[in-house]
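See structure below.
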Amino acid sequence: MRKSYHKSRESSGYGWIFFLLVLIGGIFVLGWKALSHEAPVIKLTSSVKGIGKQTVMEFTVQDKEYSLKNVSVVLQQGSRNFSIPLVSEIHNTPVPPWWKFWAKRPASSGDFKARIGQQSVPDLKEGQAALDIVVTNNSWGRFFRGGRNELQLHLPVRFHPPEVQVLTSQVYVNQGGCDLVLFKVSPGTTESGIRVGKYFFRSWPVKKSLPDTRMCLFAYPYNVDPKTSAQVIARDVAGNETASGFTCQVFPKRFFKSTINVPDSFMERVVPAILSHTPEVQDEGSLLKNYVMLNRHLRMIDSQLLIAYAQKTAPHFLWTQAFLRFPRSKVEAHFADFRTYMYNGKVVDHETHLGYDLASTAHSAVPAANDGVVVFAHYFGIYGNAVLIDHGCGLQTLYGHLSSFAVKAGDPVTRGQTIGHSGETGLAGGDHLHFSVLLDGVFVNPYEWWDPHWIHDRITAKLEPYR
């Protein structure tokens, strides 16, 4: 009997020890969760640098383990607080029962939009304001008040748009060509330029000591109706915008049209080579389909990349003279030629040729058209081996179909310096140079830039008083 009694006492003791361990473990887990600071993550999805009349702010909130409990936006100015209504879309998923504290919680997120401009907060005044975003989740953190995160922004408040004074009384521009306009903007302007239809051309200070006096090279692209108006645009940090017109006479141009036959022998030479250099495009399964895809789709990709490369530009002109033309060359194709492509007597594509094709002897040395810095020198889609040179203020030149390179990205180059040799890489029917001029990534007519008189009358004479 005594032995059985001792066994019973031992079993009871082990039971109490197990119970205490479970209790201590539970208290530890509950304490850890109650003291945790796991909070949702706030991310702005729209850039807000100031508050204007109609400013809209968008942000997302994400939580890896808990549901969103509360999201609030408060605008603070001086001693006044303005609670901002939210338009939201919250994505919560079912959570385990409260007693399953060990279970993994599902992630949750929300998309939010807040109108913080003067129209939605009429009592807001110009000056400064603080924007406070506070979010909490339904965790047991912070002693059962939920995990909390906060994002505060200190923003200028501006309701009046910038002022613009156009200094160039009148400009004359050819369709597909360029001109230069000078204007002044009021202090506080953060972005300015000229808008022509869907295109926007950036402005630059005429000199460092005059940051509010701006110069803007702009173009009337070949595909824009000459009747389209051009406007000087100025924006401030709060997104307020001013549009100011100026006298601009546009001379319409009629561009060439041509028909190009595409034989199998040509496609067999160019298509596999381009595909091997551009793994981002997919094989369409036939030689003709691949050619049309490259001529159309890859051409569009290249154009978008050139717009991105336009951001790699100096904030001032790197050149002083007229641009050089490929020496001793014959024009084989003009700017904005509208081409119809034929295969076995049938039309297979239509594209516009945005540059000059210039032919000389095979593998001729190709000079840099002007002083600048090489942006890239590598294989580039339909242009094959190509060099892009930046000349400052968004102005760049493209040299395509080269057989070899004599420069690399980052190299400074001088007017007339050999940058490579002509060839027939890419979509080239024979040895020649494809030469393009771009302004903010928009193709413009190179012919003007070869003309010293045009350079003087349209650009350098206007800038002379500021030199």
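Laboratory data are not the source of any read-out in this text; all were calculated from the coordinates shown. This structure is a prediction, so every number in the text was calculated from the model and none was measured. So basically every Cβ, Gly included, is an ideal-geometry build from the backbone, and we count neighbours across all protein chains shown.
Here the label points at Leu463 and Gln54, each 7 Å from Cα along the C-beta direction, are separated by 3.6 nm in the simple model.
Farthest towards the positive end of the charge dipole of the chain, among the residues Phe183, Val270, Val121, is the Cα of Val121, using unit charges on the Cβ of Lys, Arg, Asp and Glu. Here's the list of aspartates and glutamates a cross-link from Lys330 could span, going by alpha-carbon distance under 19 Å and ignoring same-chain residues fewer than 8 apart: Asp357, Glu424, Asp431, Glu448, Asp451. Could you state the angle between the C-alpha long axis of helix 2-35 and the longest principal axis of the C-alpha atoms of the chain, as a value from 0 to 90 degrees rounded to the nearest 10? Once rounded, the angle reads 40 degrees.
Angle of helix 299-309 to the longest C-alpha principal axis of the chain, folded into 0 to 90 degrees and rounded to 10: 70°.
Taken over the Cα atoms of segment 164-251, the convex hull encloses 79 Å³ per residue. Based on C-alpha pairs under 8 angstrom that are at least 6 apart in sequence, the chain has a relative contact order of 11 percent. Cα centroids of segment 118-165 and segment 446-460: 50 Å apart.
Among Ile233, Ile51, what is the fewest-to-most ranking by other Cβ atoms within 10 Å?
Working: Ile233 20, Ile51 29.
So the ranking, lowest neighbour count to highest, is Ile233, Ile51.
Based on C-alpha pairs under 8 angstrom that are at least 6 apart in sequence, segment 336-449 has a relative contact order of 29 percent.
So if I take the alpha carbon set of segment 341-386, get Rg, then get Rh from the Kirkwood formula, what is the Rg over Rh ratio? Walk me through the intermediate numbers first.
Working: Rg = 15.3 Å, Rh = 14.2 Å.
Here the Rg-to-Rh quotient is 1.08.
Ranked for footprinting exposure by Cβ neighbours inside 10 Å, fewest first, Leu395, Leu288 give Leu288, Leu395.
Give the peptides 310-316, 415-421 in descending order of average Cβ contacts within 10 Å, highest first.
Numbers: 310-316: 15.0, 415-421: 17.7.
Top of the packing list down: 415-421, 310-316.
First select every other residue whose beta carbon is under 12 angstrom from the beta carbon of Pro85; then total the charges, Lys and Arg +1, Asp and Glu -1. Taking every other residue near Pro85 into account, the sum is +2.
Work out the length of the dipole vector of the chain about its Cα centre, built from +1 on the beta-carbon of each Lys and Arg and -1 on the beta-carbon of each Asp and Glu, and round it to the nearest 20 debye. Could the numbers behind the result be given before it?
Working: 48 positive and 39 negative charges, 429 e Å.
The calculated dipole for the chain is roughly 2060 debye.
The spread of Cα positions in the chain, taken along each principal axis and listed from longest to shortest, comes to 119, 60, 42 Å.
So, with +1 on the Cβ of K and R and -1 on the Cβ of D and E, and no other charges, what is the size of the charge dipole of segment 164-235 about its Cα centre, to the nearest 20 debye?
Numbers: 9 positive and 4 negative charges, 35 e Å.
That gives segment 164-235 a dipole magnitude of about 160 debye.
When the C-alpha to C-alpha distance is required to be over 32 Å, the pairs from Lys113/Lys198; Lys198/Lys346; Lys49/Lys227; Lys53/Lys462; Lys184/Lys312; Lys198/Lys312 that qualify are Lys198/Lys346; Lys49/Lys227; Lys53/Lys462. Take every Cα pair under 8 Å whose residues are at least 6 apart in sequence, average their separation, divide by the length of segment 257-445, and the relative contact order is 24 percent. Note on the chain: dipole from Cβ charges, positive end direction compared against Ile233, Ser83, Thr340; the farthest Cα belongs to Ser83.
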